[in-house]
Amino acid sequence: MSLASCKITDQEFLKFRKLVYEEFGINLTEKKKLLVVNRLQKVLRDKNLGSFTQYYDYIKRDNTNKSLSELINKISTNHTFFYRENTHFEVLRKDLLPKITLDLSNKLSKDLRIWCAGCSSGEESSTLMMIIKDVLGVDYNLWKAGLLATDICEEVLEFAKNGHYETKRIKELPVDLRNKYTEITTKVMSKIKNDVLSEITYRKFNLMHDFPFKKKFHVIFCRNVMIYFDQKTRKNLVNKFLDYLMDDGLLFIGHSESLSDVDDLIAISPSMYKKRGK
Ligand SMILES: C[S@@+](CC[C@H](N)C(=O)[O-])C[C@H]1O[C@@H](n2cnc3c(N)ncnc32)[C@H](O)[C@@H]1O
(Lines give C-alpha, C1' and ligand atoms only; values in the text may rest on other atoms or scores of the structure.)
Protein backbone atom coordinates (compact mmCIF):
# COMPACT_ATOMS: atom_id res chain seq x y z
CA MET A 1 0.00 0.00 0.00
CA SER A 2 1.36 3.44 -0.83
CA LEU A 3 1.96 5.77 2.12
CA ALA A 4 -0.18 8.44 0.50
CA SER A 5 -3.33 6.32 0.74
CA CYS A 6 -2.94 4.86 4.22
CA LYS A 7 -6.35 3.82 5.60
CA ILE A 8 -7.29 3.18 9.20
CA THR A 9 -8.90 -0.14 10.12
CA ASP A 10 -11.74 -0.30 12.65
CA GLN A 11 -9.40 -1.91 15.14
CA GLU A 12 -6.75 0.79 14.66
CA PHE A 13 -9.34 3.53 15.07
CA LEU A 14 -10.49 1.93 18.35
CA LYS A 15 -6.90 1.90 19.63
CA PHE A 16 -6.42 5.60 18.82
CA ARG A 17 -9.82 6.40 20.24
CA LYS A 18 -8.92 4.71 23.55
CA LEU A 19 -5.52 6.40 23.68
CA VAL A 20 -6.91 9.89 23.04
CA TYR A 21 -9.72 9.35 25.54
CA GLU A 22 -7.43 8.08 28.28
CA GLU A 23 -4.78 10.75 27.80
CA PHE A 24 -6.85 13.83 26.95
CA GLY A 25 -10.49 13.03 27.73
CA ILE A 26 -11.42 13.71 24.11
CA ASN A 27 -14.17 11.44 22.85
CA LEU A 28 -13.42 10.59 19.21
CA THR A 29 -16.78 9.35 18.02
CA GLU A 30 -17.17 7.24 14.89
CA LYS A 31 -18.24 10.42 13.06
CA LYS A 32 -14.74 11.85 13.63
CA LYS A 33 -12.98 8.93 11.94
CA LEU A 34 -12.47 10.57 8.58
CA LEU A 35 -11.33 13.81 10.18
CA VAL A 36 -8.79 11.96 12.33
CA VAL A 37 -7.43 10.04 9.37
CA ASN A 38 -7.09 13.20 7.29
CA ARG A 39 -5.31 15.05 10.08
CA LEU A 40 -2.91 12.19 10.82
CA GLN A 41 -2.02 11.17 7.24
CA LYS A 42 0.69 13.80 7.04
CA VAL A 43 2.29 12.66 10.31
CA LEU A 44 2.48 9.12 8.96
CA ARG A 45 4.04 10.37 5.73
CA ASP A 46 6.55 12.63 7.54
CA LYS A 47 7.63 9.78 9.78
CA ASN A 48 7.68 7.30 6.94
CA LEU A 49 5.26 5.01 8.75
CA GLY A 50 3.30 2.53 6.66
CA SER A 51 0.20 2.05 8.81
CA PHE A 52 -1.73 3.44 11.76
CA THR A 53 -0.59 0.43 13.76
CA GLN A 54 3.02 1.46 13.18
CA TYR A 55 2.13 5.00 14.23
CA TYR A 56 0.38 3.75 17.38
CA ASP A 57 3.38 1.59 18.32
CA TYR A 58 5.68 4.55 17.66
CA ILE A 59 3.70 6.69 20.13
CA LYS A 60 3.65 3.92 22.71
CA ARG A 61 7.42 3.39 22.44
CA ASP A 62 8.19 7.09 22.91
CA ASN A 63 8.50 7.80 26.61
CA THR A 64 9.32 11.50 26.14
CA ASN A 65 5.63 12.41 25.56
CA LYS A 66 6.70 14.29 22.43
CA SER A 67 4.74 12.09 20.07
CA LEU A 68 1.64 12.35 22.28
CA SER A 69 1.94 16.15 22.13
CA GLU A 70 2.23 15.94 18.38
CA LEU A 71 -0.86 13.73 18.25
CA ILE A 72 -2.98 16.14 20.30
CA ASN A 73 -1.72 19.10 18.27
CA LYS A 74 -3.19 17.37 15.22
CA ILE A 75 -6.36 16.03 16.77
CA SER A 76 -7.65 18.87 18.92
CA THR A 77 -10.11 21.31 17.45
CA ASN A 78 -8.86 24.81 18.14
CA HIS A 79 -11.54 26.81 16.38
CA THR A 80 -12.13 30.13 18.14
CA PHE A 81 -12.60 33.80 17.36
CA PHE A 82 -12.57 37.19 19.04
CA TYR A 83 -15.58 38.10 21.15
CA ARG A 84 -17.13 34.66 20.69
CA GLU A 85 -20.34 34.38 22.71
CA ASN A 86 -19.99 38.03 23.55
CA THR A 87 -22.65 38.28 26.29
CA HIS A 88 -20.17 36.64 28.65
CA PHE A 89 -17.61 39.37 28.06
CA GLU A 90 -20.20 42.10 28.30
CA VAL A 91 -21.76 40.89 31.55
CA LEU A 92 -18.32 40.29 33.03
CA ARG A 93 -17.14 43.76 32.09
CA LYS A 94 -20.21 45.77 33.02
CA ASP A 95 -21.55 43.89 35.99
CA LEU A 96 -19.74 40.87 37.43
CA LEU A 97 -16.11 41.96 37.50
CA PRO A 98 -16.83 45.39 39.03
CA LYS A 99 -18.83 43.57 41.74
CA ILE A 100 -16.09 41.01 42.40
CA THR A 101 -13.38 43.66 42.63
CA LEU A 102 -15.50 45.90 44.87
CA ASP A 103 -16.18 42.95 47.13
CA LEU A 104 -12.47 42.11 47.26
CA SER A 105 -11.55 45.72 47.97
CA ASN A 106 -14.06 45.76 50.82
CA LYS A 107 -12.23 42.77 52.24
CA LEU A 108 -8.92 44.62 51.76
CA SER A 109 -7.79 42.08 49.16
CA LYS A 110 -6.15 42.98 45.85
CA ASP A 111 -5.74 39.42 44.65
CA LEU A 112 -7.97 38.69 41.65
CA ARG A 113 -7.61 35.20 40.21
CA ILE A 114 -8.98 34.33 36.77
CA TRP A 115 -8.29 31.23 34.67
CA CYS A 116 -9.04 30.72 31.01
CA ALA A 117 -8.94 26.92 30.53
CA GLY A 118 -8.75 25.73 26.92
CA CYS A 119 -7.72 29.15 25.63
CA SER A 120 -6.71 27.94 22.15
CA SER A 121 -4.93 30.64 20.12
CA GLY A 122 -5.52 33.45 22.61
CA GLU A 123 -8.52 35.37 21.26
CA GLU A 124 -10.56 34.63 24.40
CA SER A 125 -7.73 35.07 26.91
CA SER A 126 -6.46 38.34 25.45
CA THR A 127 -10.00 39.73 25.49
CA LEU A 128 -10.37 38.69 29.13
CA MET A 129 -7.11 40.42 29.97
CA MET A 130 -8.25 43.60 28.21
CA ILE A 131 -11.44 43.52 30.27
CA ILE A 132 -9.56 42.99 33.54
CA LYS A 133 -7.32 45.96 32.73
CA ASP A 134 -10.25 48.05 31.67
CA VAL A 135 -12.31 47.35 34.80
CA LEU A 136 -9.42 47.99 37.18
CA GLY A 137 -8.33 51.05 35.21
CA VAL A 138 -5.60 53.19 36.77
CA ASP A 139 -5.63 50.97 39.86
CA TYR A 140 -4.53 47.92 37.85
CA ASN A 141 -0.96 48.09 39.16
CA LEU A 142 -2.20 48.03 42.74
CA TRP A 143 -3.70 44.60 42.07
CA LYS A 144 -2.30 41.14 41.64
CA ALA A 145 -4.60 40.51 38.73
CA GLY A 146 -2.90 38.65 35.91
CA LEU A 147 -4.63 35.92 33.96
CA LEU A 148 -3.73 32.24 33.72
CA ALA A 149 -4.49 30.81 30.27
CA THR A 150 -3.93 27.13 29.53
CA ASP A 151 -4.36 24.67 26.71
CA ILE A 152 -3.14 21.17 25.91
CA CYS A 153 -1.99 22.16 22.44
CA GLU A 154 1.49 23.72 22.20
CA GLU A 155 1.01 25.14 18.70
CA VAL A 156 -1.93 27.33 19.70
CA LEU A 157 -0.18 28.45 22.88
CA GLU A 158 2.79 29.68 20.84
CA PHE A 159 0.41 31.57 18.59
CA ALA A 160 -1.37 33.08 21.61
CA LYS A 161 1.91 34.23 23.17
CA ASN A 162 2.80 36.06 19.97
CA GLY A 163 -0.49 37.93 19.89
CA HIS A 164 -0.47 38.62 16.14
CA TYR A 165 -3.81 38.35 14.35
CA GLU A 166 -5.31 39.43 11.08
CA THR A 167 -6.85 42.86 11.58
CA LYS A 168 -10.15 41.64 10.15
CA ARG A 169 -10.38 39.11 13.00
CA ILE A 170 -9.61 41.72 15.65
CA LYS A 171 -12.49 43.82 14.29
CA GLU A 172 -14.89 41.55 16.21
CA LEU A 173 -13.78 43.33 19.39
CA PRO A 174 -15.66 46.41 20.64
CA VAL A 175 -14.01 49.46 19.19
CA ASP A 176 -12.88 50.90 22.54
CA LEU A 177 -11.03 47.71 23.50
CA ARG A 178 -9.54 47.43 20.03
CA ASN A 179 -8.28 51.02 20.05
CA LYS A 180 -6.87 50.81 23.53
CA TYR A 181 -5.28 47.38 23.55
CA THR A 182 -4.32 46.46 19.99
CA GLU A 183 -2.11 48.05 17.36
CA ILE A 184 -1.95 47.70 13.60
CA THR A 185 1.41 46.30 12.53
CA THR A 186 1.11 45.80 8.76
CA LYS A 187 -1.47 46.33 6.04
CA VAL A 188 -3.38 43.24 7.18
CA MET A 189 -2.08 42.37 10.62
CA SER A 190 -2.59 43.68 14.14
CA LYS A 191 -1.04 42.84 17.47
CA ILE A 192 -2.27 42.65 21.04
CA LYS A 193 -0.30 45.31 22.89
CA ASN A 194 2.48 44.13 25.16
CA ASP A 195 0.93 45.56 28.31
CA VAL A 196 -1.93 43.08 27.81
CA LEU A 197 0.13 40.11 26.57
CA SER A 198 2.71 40.41 29.33
CA GLU A 199 0.00 40.05 31.99
CA ILE A 200 -1.15 36.67 30.68
CA THR A 201 0.60 33.52 31.86
CA TYR A 202 0.26 30.95 29.08
CA ARG A 203 0.90 27.37 30.14
CA LYS A 204 0.48 23.95 28.63
CA PHE A 205 -1.89 22.04 30.88
CA ASN A 206 -3.96 18.90 30.41
CA LEU A 207 -7.32 19.32 32.11
CA MET A 208 -7.39 15.58 32.77
CA HIS A 209 -4.51 15.94 35.22
CA ASP A 210 -4.74 16.93 38.88
CA PHE A 211 -4.87 20.69 39.27
CA PRO A 212 -1.58 22.00 40.67
CA PHE A 213 -2.89 25.32 42.01
CA LYS A 214 -2.27 26.59 45.51
CA LYS A 215 -5.12 29.09 45.52
CA LYS A 216 -8.68 29.12 44.23
CA PHE A 217 -10.05 31.23 41.39
CA HIS A 218 -12.74 33.91 41.35
CA VAL A 219 -13.59 33.21 37.72
CA ILE A 220 -12.98 30.23 35.45
CA PHE A 221 -13.70 30.30 31.73
CA CYS A 222 -13.83 26.87 30.12
CA ARG A 223 -15.86 27.42 27.00
CA ASN A 224 -16.32 25.06 24.09
CA VAL A 225 -13.84 22.58 25.54
CA MET A 226 -16.12 20.12 27.32
CA ILE A 227 -18.12 19.53 24.13
CA TYR A 228 -15.35 17.12 23.15
CA PHE A 229 -15.68 15.15 26.40
CA ASP A 230 -18.24 12.54 27.41
CA GLN A 231 -20.63 12.96 30.33
CA LYS A 232 -18.39 11.19 32.85
CA THR A 233 -15.29 13.22 31.93
CA ARG A 234 -17.29 16.46 31.99
CA LYS A 235 -18.64 15.68 35.42
CA ASN A 236 -15.20 14.90 36.85
CA LEU A 237 -13.78 18.07 35.35
CA VAL A 238 -16.60 20.27 36.65
CA ASN A 239 -16.06 18.81 40.13
CA LYS A 240 -12.38 19.73 39.89
CA PHE A 241 -13.34 23.26 38.78
CA LEU A 242 -15.64 23.44 41.80
CA ASP A 243 -12.79 22.46 44.12
CA TYR A 244 -10.76 25.35 42.71
CA LEU A 245 -13.48 28.00 42.64
CA MET A 246 -13.95 30.40 45.55
CA ASP A 247 -17.39 30.43 47.15
CA ASP A 248 -19.58 32.57 44.86
CA GLY A 249 -16.92 32.15 42.15
CA LEU A 250 -18.04 32.05 38.53
CA LEU A 251 -17.77 29.32 35.90
CA PHE A 252 -18.40 30.19 32.26
CA ILE A 253 -18.97 27.41 29.74
CA GLY A 254 -19.88 27.50 26.04
CA HIS A 255 -23.39 28.53 24.95
CA SER A 256 -24.09 25.09 23.50
CA GLU A 257 -23.04 23.33 26.72
CA SER A 258 -25.06 22.87 29.88
CA LEU A 259 -24.49 21.53 33.37
CA SER A 260 -27.76 20.29 34.74
CA ASP A 261 -26.63 17.85 37.38
CA VAL A 262 -24.22 19.79 39.60
CA ASP A 263 -25.73 20.70 42.98
CA ASP A 264 -23.08 23.20 43.99
CA LEU A 265 -23.49 25.39 40.91
CA ILE A 266 -26.31 27.87 40.50
CA ALA A 267 -27.12 28.86 36.91
CA ILE A 268 -27.18 32.65 36.68
CA SER A 269 -27.84 32.37 32.95
CA PRO A 270 -27.74 29.29 30.68
CA SER A 271 -23.94 29.10 30.38
CA MET A 272 -22.86 31.12 33.44
CA TYR A 273 -22.71 29.47 36.83
CA LYS A 274 -21.97 30.59 40.34
CA LYS A 275 -20.55 28.32 43.00
CA ARG A 276 -22.93 28.09 45.91
CA GLY A 277 -21.48 30.04 48.86
CA LYS A 278 -21.16 28.30 52.21
C1 LIG B 1 -12.71 24.80 20.39
S2 LIG B 1 -11.37 25.35 21.36
C3 LIG B 1 -12.19 26.54 22.40
C4 LIG B 1 -11.40 27.81 22.51
C5 LIG B 1 -12.06 28.91 23.33
N6 LIG B 1 -12.22 28.50 24.70
C7 LIG B 1 -13.38 29.32 22.73
O8 LIG B 1 -14.42 29.11 23.37
O9 LIG B 1 -13.39 29.86 21.63
C10 LIG B 1 -11.11 23.97 22.48
C11 LIG B 1 -9.72 23.98 23.10
O12 LIG B 1 -9.70 23.01 24.16
C13 LIG B 1 -8.41 22.42 24.18
N14 LIG B 1 -8.45 21.12 24.87
C15 LIG B 1 -9.06 19.99 24.48
N16 LIG B 1 -8.83 19.00 25.35
C17 LIG B 1 -8.06 19.52 26.33
C18 LIG B 1 -7.49 18.98 27.52
N19 LIG B 1 -7.64 17.70 27.87
N20 LIG B 1 -6.76 19.81 28.30
C21 LIG B 1 -6.59 21.11 27.95
N22 LIG B 1 -7.09 21.67 26.84
C23 LIG B 1 -7.83 20.88 26.03
C24 LIG B 1 -8.06 22.29 22.70
O25 LIG B 1 -6.67 22.16 22.48
C26 LIG B 1 -8.66 23.58 22.11
O27 LIG B 1 -7.70 24.58 21.97
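Values as computed for the structure displayed
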| read-out | value |
| --- | --- |
| Distance histogram in 10 Å bins (all Cα pairs of segment 198-278, percent per bin) | 17, 53, 27, 2 |
| Order of exposure, largest accessible area first, which applies to PHE13, PHE159 with probe 1.4 Å | PHE159, PHE13 |
| 18 Å tail of the calculated P(r), segment 3-75, as % of Cα pairs | 30 percent |
| Sum of -39500 (n - 2.57) over DSSP H runs of 4+, divided by residues of the chain (222 nm, nearest 500) | -12000 deg cm²/dmol |
| Summed side-chain charge close to ASN206 - residues other than ASN206 whose Cβ falls under 11 Å, Lys, Arg +1, Asp, Glu -1 | -1 |
| Summed residue charge, Cβ within 11 Å of ILE266's Cβ, Lys/Arg positive, Asp/Glu negative | 0 |
| Local net charge near ASP243, Cβ-Cβ under 11 Å (Lys/Arg +1, Asp/Glu -1) | +1 |
| Too-long pairs where the Cα-Cα distance tops 31 Å, listed order kept, from LYS110/LYS193; LYS31/LYS275; LYS60/LYS214 | LYS31/LYS275; LYS60/LYS214 |
| Relative contact order of segment 3-75, pairs being alpha-carbon contacts under 8 Å that are 6 or more residues apart, as % | 40 percent |
| Reachable aspartates and glutamates, given that their alpha-carbon falls under 18 Å from the alpha-carbon of LYS107 and they are not under 8 places away in the same chain | ASP139, ASP247, ASP248 |
| Distribution of pairwise C-alpha distances over segment 127-278, 5 Å bins, in % | 2, 8, 15, 18, 20, 16, 12, 7, 2, 0, 0 |
| Rounded to whole Å, sorted largest first: equivalent-ellipsoid semi-axes of segment 112-189, Cα gyration tensor | 21, 19, 9 |
| Filter on LYS235/LYS278; LYS47/LYS235; LYS232/LYS274; LYS94/LYS216; LYS32/LYS133; LYS94/LYS161 - keep pairs with C-alpha separation over 30 Å | LYS47/LYS235; LYS32/LYS133 |
| Net length gained if the chain between ASP10 and SER258 were fully extended (0.36 nm per residue, minus Cα distance) | 86.1 nm |
| Rel. contact order, % - alpha carbon contacts under 8 angstrom, at least six apart, the chain | 17 percent |
| Approximate spin-label separation ASN239-ASN106, in nm, with each point projected 7 Å along Cα-to-Cβ | 3.4 nm |
| Equivalent ellipsoid dimensions for segment 1-129 as semi-axes, Å, which come from the Cα gyration tensor, largest first | 43, 16, 12 |
| Ranked order, ARG93, ARG203, ARG45 - accessible area, probe 1.4 Å, largest first | ARG203, ARG45, ARG93 |
| Radius ratio Rg over Rh of the chain, counting only Cα atoms, Kirkwood formula for Rh | 1.01 |
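The values are calculated or read from the model by the stated rules, or taken from the named source; none is laboratory data. Fair warning: this is a prediction, and the values are worked out from it, not measured in the lab. We place every Cβ from the backbone using ideal geometry, glycine too, and count neighbours over all the protein chains shown. Note: areas computed on protein heavy atoms with side chains; ligands, DNA, RNA excluded. Shrake-Rupley method; radii C 1.70, N 1.55, O 1.52, S 1.80 Å.
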